[in-house]
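Before any comments, here is the structure.
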Amino acid sequence: HTVIADPVAKAAYLIRPEHKDVLRLTAIIPQPRPATYPTTESARPKHVMTSLGLKQIEGVTAAGTLFETTLRAGAFGNVNEMVETREYWRNSEMDLVLYQRASSPRTGERITRLENLRTDDVPASAFALPADYAVRDVAPPKQAAATE
């Protein structure tokens, strides 16, 4: 399967070649969840944001930002203080993150980067579905009404 998220249209598309169809799911683009931390004053994390300047990535100018979160000793049952980092390199013109690195003693390191980025015009036909594919709209799940 291939999934394409379109935040502008607030839709996601699930391409299923074995069924020769595309499921269009509207209004269900998941938003990233904010990290949750303890709320007691002594356990609150310390946050520091640092600009990393500009650099070229795949021929595109990107601005870098480093976020460091220091988790105090005892916040998660940890004996020592822990530092988690997130590094982002973003092109504001395309509103696109070109590289990101997350590092944490709790979860390890994760790197995501774009490669072979092309900025030339792409014909609309490159995004056309094969003629024998059907597009089916799938309604988002209904949320239960809040009860008092």
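Cβ contacts < 6 Å: first residue open to solvent by less than 90 Å² (accessible area, probe 1.4 Å), restricted to segment 118-139; second residue assigned to a loop (DSSP other than H, G, I, E, B), any location; separation 6+ or different chain. Result?
The qualifying pairs are D132/K20; Y133/K20.
Out of segment 107-132, which residues are within 30 Å of M82 (Cβ to Cβ) and either over 24 Å from the mean Cα position of the chain (by Cα) or of a type in the set (A, V, I, L, M) (or both)? Outline the logic, then answer.
Narrowing segment 107-132 to residues within 30 Å of M82 (Cβ to Cβ): 107-114.
Of everything in segment 107-132, those that are within 30 Å of M82 (Cβ to Cβ) and either over 24 Å from the mean Cα position of the chain (by Cα) or of a type in the set (A, V, I, L, M) (or both) turn out to be I111, L114.
Among the listed residues T39, T65, T112, which satisfies the condition of being open to solvent by less than 90 Å² (accessible area, probe 1.4 Å) and modelled with pLDDT under 95?
The match here is T112.
Listed here are the residues, each with its yes/no results for (1) modelled with pLDDT under 90; (2) among the hydrophobic types (A, V, I, L, M, F, W, C); (3) in contact with a strand residue (DSSP E or B) (Cβ under 6 Å, 6 or more places away or on another chain); (4) assigned to a strand (DSSP E or B).
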site	(1), (2), (3), (4)
V48	no, yes, yes, yes
T70	no, no, yes, yes
G77	yes, no, no, no
R90	no, no, yes, yes
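With the structure loaded, tell me whether T85 is touching a His at 6+ places or on another chain (Cβ under 7 Å), at pLDDT 80 or above and surrounded by 13 or more Cβ atoms within 10 Å (Cβ to Cβ) or whether it fails that test. So that I can check it myself, show each step before the final result.
Values: touching a His at 6+ places or on another chain (Cβ under 7 Å): no; at pLDDT 80 or above: yes; surrounded by 13 or more Cβ atoms within 10 Å (Cβ to Cβ): yes.
The answer is no for T85.
For segment 1-36, which residues satisfy the criterion of being open to solvent by 100 Å² or more (accessible area, probe 1.4 Å), modelled with pLDDT under 85 and assigned to a loop (DSSP other than H, G, I, E, B)?
Those that are open to solvent by 100 Å² or more (accessible area, probe 1.4 Å), modelled with pLDDT under 85 and assigned to a loop (DSSP other than H, G, I, E, B): H1, V8, K10, P30, Q31, P32, R33, P34, T36.
Run down E84, E93 and say which single residue is more than 30 Å from D6 (Cβ to Cβ) and among the acidic types (D, E).
Answer to the check: E84.
Return the only residue of R101, R72 being surrounded by 15 or more Cβ atoms within 10 Å (Cβ to Cβ) and under 18 Å from R44 (Cα atoms).
Testing whether each residue is surrounded by 15 or more Cβ atoms within 10 Å (Cβ to Cβ) and under 18 Å from R44 (Cα atoms) leaves just R72.
Look at segment 50-60 and say how many of its residues are surrounded by 14 or more Cβ atoms within 10 Å (Cβ to Cβ) and either in contact (Cβ under 8 Å) with a residue 60 or more places away in the chain or in a strand (DSSP E or B) (or both). If you could, list the steps in order and put the result at the bottom.
Applying the first criterion (surrounded by 14 or more Cβ atoms within 10 Å (Cβ to Cβ)) to segment 50-60 yields 57-58, 60.
Okay, now just the ones that are also either in contact (Cβ under 8 Å) with a residue 60 or more places away in the chain or in a strand (DSSP E or B) (or both), so 57, 60.
Residues in segment 50-60 being surrounded by 14 or more Cβ atoms within 10 Å (Cβ to Cβ) and either in contact (Cβ under 8 Å) with a residue 60 or more places away in the chain or in a strand (DSSP E or B) (or both): 2 in total.
The values are calculated or read from the model by the stated rules, or taken from the named source; none is laboratory data. Values in this document were obtained by computation on a predicted structure and should not be read as measured data. Here the Cβ is made from the backbone with ideal geometry for all residues, glycine too, and neighbour counts use every protein chain on show. With ligands, DNA and RNA removed, areas are computed over all heavy atoms of the protein, side chains included. Shrake-Rupley method; radii C 1.70, N 1.55, O 1.52, S 1.80 Å.
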